[in-house]
Amino acid sequence: MKVIITGGCGFIGSALVRHVFDTTDYDILIIDKLTYAGNIESVRDLLTSPRVNLLQADICDQATMTDAVAGFAPNLILHLAAESHVDRSIHGARAFIETNVLGTFSLLEAARGFYASRPDGHFFRFLHVSTDEVYGSLGPIGLFTEETKYDPSSPYSASKAASDHLAIAWSRTYKLPVVVSNCSNNYGPRHFPEKLIPLIILNALHGKALPVYGDGSNIRDWLYVEDHARALLLIAEKGEIGATYNVGGRNERTNLAVVETICDLLDELRPKTDSHRKLITFVRDRPGHDHRYAIDASKLENDLGWRAQEHFDSGIRKTVEWYLANEAWWRPLRDKVYGGERLG
């Protein structure tokens with residue numbers, strides 16, 4: 001078996017590469033543009049294996065994607081490459097439209113050409129990995145299901161909604177064996193420090209303000225990245241063609257509760273004279289900030305047998321401990337790429 005993983009040097013992508021490498025004997029081709037959020041250090045140790053290769057390329061480059069897919073002849077394409085930070089999409093939406101929409105189109109076309117000419121009996125599937133943000137904002141009750149109407153609020157979520165629709169359309173029109181997944185907020189090791197949890201950890205370590213949007217009451221369902229990686233490979237291999245699967249950790253927390261939990265862990269693991277909670281600072285809310293996301297993962301759990309193994313309390317402890325133990329990974333990013341300033 002051969003698998004292409006786009007965005008394999010990113011946060012979720014690198015976790016998926018590691019999961020595939022550790023649990024299968026598949027050959028892996030990582031395709032990654034190595035933008036600011038793609039870090040080769042997240043997979044460097046695996047690149048010494050003859051089973052893992054890296055192609056540094058832009059998924060919007062149609063000719064390169066066509067050649068890469070045809071030349072590697074994959075059994076699975078797991079498409080994670082995307083611009084993913086909502087705040088950055090508010091500041092500059094063009095990159096999100098180009099990468100998330102046109103890049104997905106390029107990959108789907110490359111896959112379509114390969115699928116039409118593949119050898120007889122060659123097993124092939126295309127997994128398009130997306131977000132629960134395409135569904136918009138929930139009220140105080142209820143959960144997103146696979147039937148929830150799309151209602152994106154940000155340039156980022158609108159671009160992902162568009163790419164979801166492209167993937168399903170290519171399945172229906174061209175009979176390309178596509179499956180789509182939509183996940184809740186991920187957290188865990190190797191997360192680029194623009195996102196809430198790594199930003200709070202690193203700001204706290206540096207004694208900087210811990211910014212909380214609005215009053216901190218916005219709610220997210222948190223999914224440990226390694227649980228997500230297990231789900232993605234399972235969906236790619238065994239999911240129903242043309243179907244969508246929601247992936248969530250059943251761990252709803254307000255943003256303020258997440259920040260307070262990190263502060264309490266750092267008070268325990270890296271204590272200072274004052275509690276880290278004193279660094280919490282409420283800032284002007286993000287434009288179009290959805291209030292609540294929550295995933296119903298029953299379809300994935302019942303049909304494919306997946307279960308999240310990490311509860312938020314166990315996963316966030318592992319995450320904080322990883323950042324404390326791996327300054328060599330995050331220090332170059334913090335010093336040279338992103339220092340924690342407000343975006344969007």
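The values are calculated or read from the model by the stated rules, or taken from the named source; none is laboratory data. Here the structure is a predicted model, which is why all the values come from computation and not from measurement. Note: ideal-geometry Cβ built from the backbone for every residue, glycine included; neighbour counts use all protein chains shown.
Residue check: G339 meets all listed conditions (1) modelled with pLDDT of 95 or more; (2) over 25 Å from C183 (Cβ atoms) but one, namely (1).
Residue-by-condition table, conditions (1) small (G, A, S); (2) part of a helix (DSSP H, G or I); (3) out of contact with any helix residue (DSSP H, G or I) (no Cβ under 8 Å at 6 or more places or on another chain); (4) at positive phi:
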site	(1), (2), (3), (4)
E301	no, yes, yes, no
R307	no, no, no, no
L324	no, yes, no, no
Y338	no, no, yes, no
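Out of curiosity, is L47 under 21 Å from A328 (Cβ atoms) and either in contact with a strand residue (DSSP E or B) (Cβ under 7 Å, 6 or more places away or on another chain) or of a type in the set (A, V, I, L, M, F, W, C) (or both)?
Working: under 21 Å from A328 (Cβ atoms): yes; either in contact with a strand residue (DSSP E or B) (Cβ under 7 Å, 6 or more places away or on another chain) or of a type in the set (A, V, I, L, M, F, W, C) (or both): yes.
Yes.
Summed over segment 167-195, residues that are surrounded by fewer than 20 Cβ atoms within 10 Å (Cβ to Cβ) and part of a helix (DSSP H, G or I) total 5.
Scanning segment 273-282 for residues being exposed (fewer than 14 other Cβ atoms within 10 Å of the Cβ) and either part of a loop (DSSP other than H, G, I, E, B) or in contact with a Leu (Cβ under 8 Å, 6 or more places away or on another chain) (or both) gives a total of 3.
Looking at D285, is it in a loop (DSSP other than H, G, I, E, B), acidic (D, E) and out of contact with any helix residue (DSSP H, G or I) (no Cβ under 9 Å at 6 or more places or on another chain)? Answer is yes for this residue. Taken over segment 289-336, the criterion of being aromatic (F, W, Y) and either buried (at least 17 other Cβ atoms within 10 Å of the Cβ) or modelled with pLDDT under 95 (or both) is satisfied by Y293, W306, F312, W322, Y323, W330.
Using beta carbons and a limit of 8 Å, which pairs, at least six apart or on different chains, have the first residue in segment 252-277 and in contact (Cβ under 8 Å) with a residue 40 or more places away in the chain and the second one among the acidic types (D, E)? Hits for this filter: E252/D221; L256/D215; T261/D313; L269/E321; H276/D264; H276/D267. If only residues of segment 12-32 that are in contact (Cβ under 8 Å) with a residue 60 or more places away in the chain, in contact with a strand residue (DSSP E or B) (Cβ under 7 Å, 6 or more places away or on another chain) and within 20 Å of G103 (Cβ to Cβ) are counted, the one that is surrounded by the fewest Cβ atoms within 10 Å (Cβ to Cβ) is I12.
Just need a number here: residues in segment 133-160 that are among the aliphatic types (A, V, I, L, M) and in contact with a strand residue (DSSP E or B) (Cβ under 8 Å, 6 or more places away or on another chain). Explain how you work it out, then say what you get.
From segment 133-160, those among the aliphatic types (A, V, I, L, M) are 134, 138, 141, 143, 158; that's our starting set.
Going one step further and asking which of them are in contact with a strand residue (DSSP E or B) (Cβ under 8 Å, 6 or more places away or on another chain), we end up with 134, 138, 143.
Counting residues in segment 133-160 that are among the aliphatic types (A, V, I, L, M) and in contact with a strand residue (DSSP E or B) (Cβ under 8 Å, 6 or more places away or on another chain) gives 3.
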